[in-house]
Each structure stands twice: as C-alpha cells, then as structure tokens.
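J.: Have a look at this one.
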Amino acid sequence: MSSSPVAAPDRLSGLLAEHAALETELADPAVHADTARARRLGRRYAQLAPLVETKRALDAVRDDLAAARELAADDASFAAEAAELEQRVPQLEERLRSLLVPQDPDDDKDVILEIKAGEGGAESALFAGDLLRMYLRYAERRGWATEVLDAVPAELGGYKDVAIAVKSRGAGGGAPEGIWARLKFEGGVHRVQRVPVTESQGRIHTSAVGVLVLPEAEDVDVTVDPNDLRIDVFRSSGPGGQSVNTTDSAVRITHLPTGIVVSSQNEKSQLQNRESALRVLRSRLLAAAREEAAATASDQRRSQVRTVDRSERVRTYNFPESRISDHRVGFKAHNLDAVLDGELDPVIDALTRAHTAELLAAGS
C-alpha cells in the first residue's frame, strides 16, 4: 500500500479543519475567561501546529516544483532547482504521514510518577531512591518542575514508596513540553543487579522496583464525589515507624466504589496532604477508566507494572557491567552512571521510535 499521506485524506482534512476551528475559538476573548478551557484548547492547537505547517510547506514545494519544471523547459538553469525540489517532496510527505499517526491525547499532560520498592528488601528500597534521583535529574535537564507528593522512607535509606508530580513550568507561548509523551514508557518493573552494601561476600543480588506513570488528571477529566471517599488521618512516620509530626497531619483516602487507596504524609498540614492525595487519586481514576475503555486494545499501559516481580521486567540496570538494557526494544548502553544522573533521552527516544513505527505499520 502507498505510504503517501494522501492515503488518509479524510483524516488530514479533518485535522486541518479542527486546527482552523481552534484558531477561531482562541481568538475569542470570552474563551480565555475559562482558564482551564483555554489551556486545553491551546494545547490541542499547539499539538496540531506541526501538521499544519508541514502540509503548507508540502503544498508550497509542490507548487514551486511545478513552476520550476515548466520554466526548465525553456531555461536549463531551472533544472537543478527542480531536482532539489523533487527530493524535498518525499521528505515532507513522510513527515506528514508520521504526523498523521493518531496522537495520544495525554501526550502534553503533566505526570504523576510513583516508585515502589518490591522484591529485594532493603536493596530494593535503596534502588527506589536511585530511580527517584534519576527522574528528578532528568526533569531538571528538561526544564520541568517536580514536587514530592508522598514519600515513605526505608530504614536503611531509599524509599518503600514515593510519588512525585512532574509538570511544565508553564512558560507561555511555547510549544507543549510533552511530559507524558516522554515518560509514559517508564512504567513497569525496573530490575537492578549489583552488590548490596549489606552483602559481606561480594555477591551480586537482583532486586526489583515498580514504576507507575500516570497522566495527571485535570478537574475536567475526573469528577470525584466526596460521598465516595473515606478519609482517615494519622501521624506521619519516618524510618522504623518513628513519629515525624506530633499532629495527625497525614491523610489516607479510600475511594469506596473502586477500592483505590492513596495516602500523603509529606506536607506539614493535613489540608496540603489531602490535596496531594486527591491529585494522585484523580490520576489513578482517570488511568483506570481509560484502561477499562481500552481493555481490548494494545496500548502503552500494558507495559505498566502489575506486580513488582523480578521476572516481569522492562529494564535492567547492571552495575558490574555499567549496562542499562531495555528489554522491550533491545536497547543497550554502557553508561549506567550517566543514565542514573538523568541522561535518559537515548533510551526514551528508542522507545518512542519503536512505538511510532508500530502505529505507522498498523495504519499502512
């Protein structure tokens, strides 16, 4: 089947019409009175902009090529220009075809990322701390803001469980940051192979840490009925159960219809912890609803963590060989220190390319 973008004229014309309609809406001052709606429309408008720009560039090059060919019949000096334009047409067609691949509607959303220690005890908790630092450093490199929503420290260091929000700094007018687009494939079981600090015989141990990545839900995405919530308060605790706060500031929220339980104890006030827990709850409810709606489809959440078991791994970090391996796409590199310092782009790029190739193959 032809790979030309004209194979999907209805989709192309529909997206171009959507972009034009969004442009009209965003020009209406009344739209900006609703900040959430204006932000949502602006994100979609920016998402469609590369498609529109590529289509306009392709049309312009085709027009120039037709003119150059006509002029070359009388003036040979235009033949070189025509030859150059002939090379640009298929390049722009391929770019347009890739932009016509259905986009994940959450790609431009902020993210809630949870890291959970699993098999391996203290070593797993220590590696959970290493992964937390890796994601914080990666966010710093990308210019994103981060916020720790909840953290349960482990006795020997690291974390039993930690949740962070990763969000755009909101610089106005720029292209969308694509935080979910960059981090959505990080979900799954991450396996570490190294000699633990507690190992006296120098033997290499294998431990597992679970990572769950969720697009952060906005108020318009999920409605939470307060009557569906059971809210318990308790005292925040540190390693070994020692009390950190002397007041009941930590919050545990149970969503009764689904049984989803979230907690937050990182903030000093009960109100702040309640808001942090609700943010995580809304994102989990959104993810659960979309997973249920797409239960028969093959999408990115199939790679998300089910059980924190060493055998169900998406990536391995091998310290003796300084090797990182992503088992989904066969990616390997021997720069583990750099990766753990936040240099994640090469492996994320490999995952993104593989996903795009799958979508293109499915639509060809």
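The values are calculated or read from the model by the stated rules, or taken from the named source; none is laboratory data. Keep in mind the model is a prediction, meaning the values are calculated, not measured. With ideal geometry, Cβ positions are generated from the backbone for all residues, glycine too; neighbour counts draw on all protein chains shown.
J.: Please note which strands (runs of 3 or more DSSP E) are completely contained in segment 188-295 and include at least 2 residues that are of a type in the set (Gly, Ala, Ser), modelled with pLDDT of 90 or more and under 29 Å from the mean Cα position of the chain (by Cα).
T.: Counting at least 2 such residues, we get 205-215.
J.: Taking only segment 137-152 into account, find how many residues are without any contact (Cβ under 8 Å) to a residue 60 or more places away in the chain and out of contact with any Ser or Thr (no Cβ under 7 Å at 6 or more places or on another chain).
T.: Residues meeting the conditions: 5.
J.: Does segment 75-85 include one or more residues that are at pLDDT below 85, of a type in the set (A, V, I, L, M, F, W, C), surrounded by 15 or more Cβ atoms within 10 Å (Cβ to Cβ) and out of contact with any Lys or Arg (no Cβ under 8 Å at 6 or more places or on another chain)?
T.: Looking through segment 75-85, none of the residues is at pLDDT below 85, of a type in the set (A, V, I, L, M, F, W, C), surrounded by 15 or more Cβ atoms within 10 Å (Cβ to Cβ) and out of contact with any Lys or Arg (no Cβ under 8 Å at 6 or more places or on another chain).
J.: Quickly run through segment 116-163 and pick out the residues that are closer than 14 Å to Val211 by Cβ and among the β-branched types (Val, Ile, Thr).
T.: Residue satisfying the conditions is Val162 alone.
J.: Moving on to the next point. Name, by its number, the condition in (1) within 19 Å of Ser13 (Cβ to Cβ); (2) in contact with an Asp or Glu (Cβ under 6 Å, 6 or more places away or on another chain) that does not hold for Pro50.
T.: Of (1) within 19 Å of Ser13 (Cβ to Cβ); (2) in contact with an Asp or Glu (Cβ under 6 Å, 6 or more places away or on another chain), only one is false for Pro50: (2).
J.: Hey, another quick one. Would you mind telling me which numbered condition in (1) modelled with pLDDT under 90; (2) assigned to a helix (DSSP H, G or I); (3) more than 20 Å from the chain's Cα centre (by Cα) Ser98 fails?
T.: (3)
J.: Of (1) of a type outside the set (Val, Ile, Thr); (2) part of a helix (DSSP H, G or I); (3) outside the structural domain of Ala338 (by TED's automatic domain parsing); (4) surrounded by 19 or more Cβ atoms within 10 Å (Cβ to Cβ), Tyr135 satisfies all except one. Which?
T.: (3)
J.: Of all residues in segment 168-181, how many are closer than 18 Å to Leu113 by Cβ and either at pLDDT 90 or above or small (Gly, Ala, Ser) (or both)?
T.: Number of matching residues: 5.
Residues are listed down the side, and each one gets a yes or a no for (1) out of contact with any Leu (no Cβ under 9 Å at 6 or more places or on another chain); (2) more than 23 Å from Arg252 (Cα to Cα); (3) surrounded by fewer than 18 Cβ atoms within 10 Å (Cβ to Cβ); (4) of a type in the set (S, T, N, Q):
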{"position": "Leu92", "(1), (2), (3), (4)": "no, yes, no, no"}
{"position": "Ala117", "(1), (2), (3), (4)": "no, no, no, no"}
{"position": "Gly129", "(1), (2), (3), (4)": "yes, no, no, no"}
{"position": "Trp144", "(1), (2), (3), (4)": "yes, yes, no, no"}
{"position": "Glu155", "(1), (2), (3), (4)": "yes, no, yes, no"}
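J.: What are the pairs with Cβ atoms under 7 angstrom where one residue, in segment 18-29, is farther than 16 Å from Pro50 by Cα and the other, located anywhere, is assigned to a helix (DSSP H, G or I) and not β-branched (Val, Ile, Thr)? Sequence gap at least six, or different chains.
T.: Correct list of pairs: Glu25/Leu41; Leu26/Leu41; Leu26/Gly42; Leu26/Tyr45.
J.: Still on this structure, I have one more. Determine whether segment 56-73 contains at least one residue that is surrounded by fewer than 16 Cβ atoms within 10 Å (Cβ to Cβ) and closer than 19 Å to Gly178 by Cβ.
T.: Within segment 56-73, none of the residues are surrounded by fewer than 16 Cβ atoms within 10 Å (Cβ to Cβ) and closer than 19 Å to Gly178 by Cβ.
J.: So, in segment 247-294, exactly how many residues are among the aliphatic types (A, V, I, L, M) and within 23 Å of Trp180 (Cβ to Cβ)?
T.: Total satisfying the criteria: 13.
J.: Does Ala117 meet the test of being under 29 Å from Ile179 (Cβ atoms) and assigned by TED's automatic domain parsing to the domain that holds Pro215?
T.: For Ala117, the condition - under 29 Å from Ile179 (Cβ atoms) and assigned by TED's automatic domain parsing to the domain that holds Pro215 - is met.
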